[in-house]
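Each remark here refers to the structure printed beneath this line.
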Amino acid sequence: PRTPPATKLGRHRRLAPPAGIHVSPICLGAMSIGDQWGQYGMGEMGKDRSFRLLDAFYAAGGNFVDTANTYQDETSERFLGEWMATRGVRDQMVVATKVRRCAACWAGSVPC
C-alpha cells in the first residue's frame, strides 16, 4: 500500500490529460528566491533562506516550481538548480521557466 502524503500538497495531479507528469496542486512561484532585488525594494531571499523555503515546500509534498531567468537577475534559477543538485531531487521536481531579455537590457545598461 502507498503511504499517504504528509500534507495535501503531496496529492499530486496529472499536469494535463495527455501529460505523463504529476505535480503538486500548488506551484511555488520563485520570484522572491534570490538576492538581487532588495536594492530596488522588491524583496529578496538569500541562499540559506531560499534553501529552507524549498526544503519545507518539498517536505510538505511540493514538486512544482515556477521561475524565470529575469527573476532576481537570474539568481532564482541558480539557487533552485543548486538546491535540486545538492538535495539530489532534480528527477522529482517539475520546473516551469520562462526566458526573457535581461533586466539590464531593458534598462539600456548593457547591449542586448
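The values are calculated or read from the model by the stated rules, or taken from the named source; none is laboratory data. These numbers come from a predicted model, not from an experiment. We place every Cβ from the backbone using ideal geometry, glycine too, and count neighbours over all the protein chains shown. Keep in mind that these areas ignore ligands, DNA and RNA; they rest on the heavy atoms of the full protein, side chains included. Shrake-Rupley method; radii C 1.70, N 1.55, O 1.52, S 1.80 Å.
Structure data summary
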read-out: Test for residue 50: is it at pLDDT 95 or above, touching a strand residue (DSSP E or B) at 6+ places or on another chain (Cβ under 6 Å), hydroxyl-bearing (Ser, Thr, Tyr) and over 20 Å from residue 100 (Cβ atoms); value: no
read-out: Cβ-Cβ under 8 Å pairs, at least 6 apart or on other chains, region 24-41 side under 26 Å from residue 6 (Cα atoms) and in contact (Cβ under 8 Å) with a residue 12 or more places away in the chain, far side of a type in the set (Gly, Ala, Ser) and part of a loop (DSSP other than H, G, I, E, B); value: 24/61; 24/62; 26/62; 28/62; 32/43
read-out: Residue check, residue 62 modelled with pLDDT of 90 or more, open to solvent by less than 50 Å² (accessible area, probe 1.4 Å) and assigned to a loop (DSSP other than H, G, I, E, B); value: yes
read-out: Some residue of region 87-104 being open to solvent by less than 70 Å² (accessible area, probe 1.4 Å), of a type in the set (Val, Ile, Thr) and part of a helix (DSSP H, G or I); value: no
read-out: Restricting region 65-86 to residues that are small (Gly, Ala, Ser) and surrounded by 17 or more Cβ atoms within 10 Å (Cβ to Cβ), the residue that is farthest from residue 32 (Cα to Cα); value: 68
read-out: Residue selected from region 14-55 under the condition of a type in the set (A, V, I, L, M), more than 11 Å from residue 72 (Cβ to Cβ) and part of a loop (DSSP other than H, G, I, E, B), by the criterion nearest to the chain's Cα centre (by Cα); value: 26
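The rows are residues; the columns are (1) open to solvent by less than 90 Å² (accessible area, probe 1.4 Å); (2) in contact with an Asp or Glu (Cβ under 7 Å, 6 or more places away or on another chain); (3) among the aromatic types (Phe, Trp, Tyr).
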residue: 8; (1), (2), (3): no, no, no
residue: 12; (1), (2), (3): yes, no, no
residue: 18; (1), (2), (3): no, no, no
residue: 21; (1), (2), (3): yes, no, no
residue: 26; (1), (2), (3): no, no, no
residue: 38; (1), (2), (3): yes, yes, no
residue: 42; (1), (2), (3): no, no, no
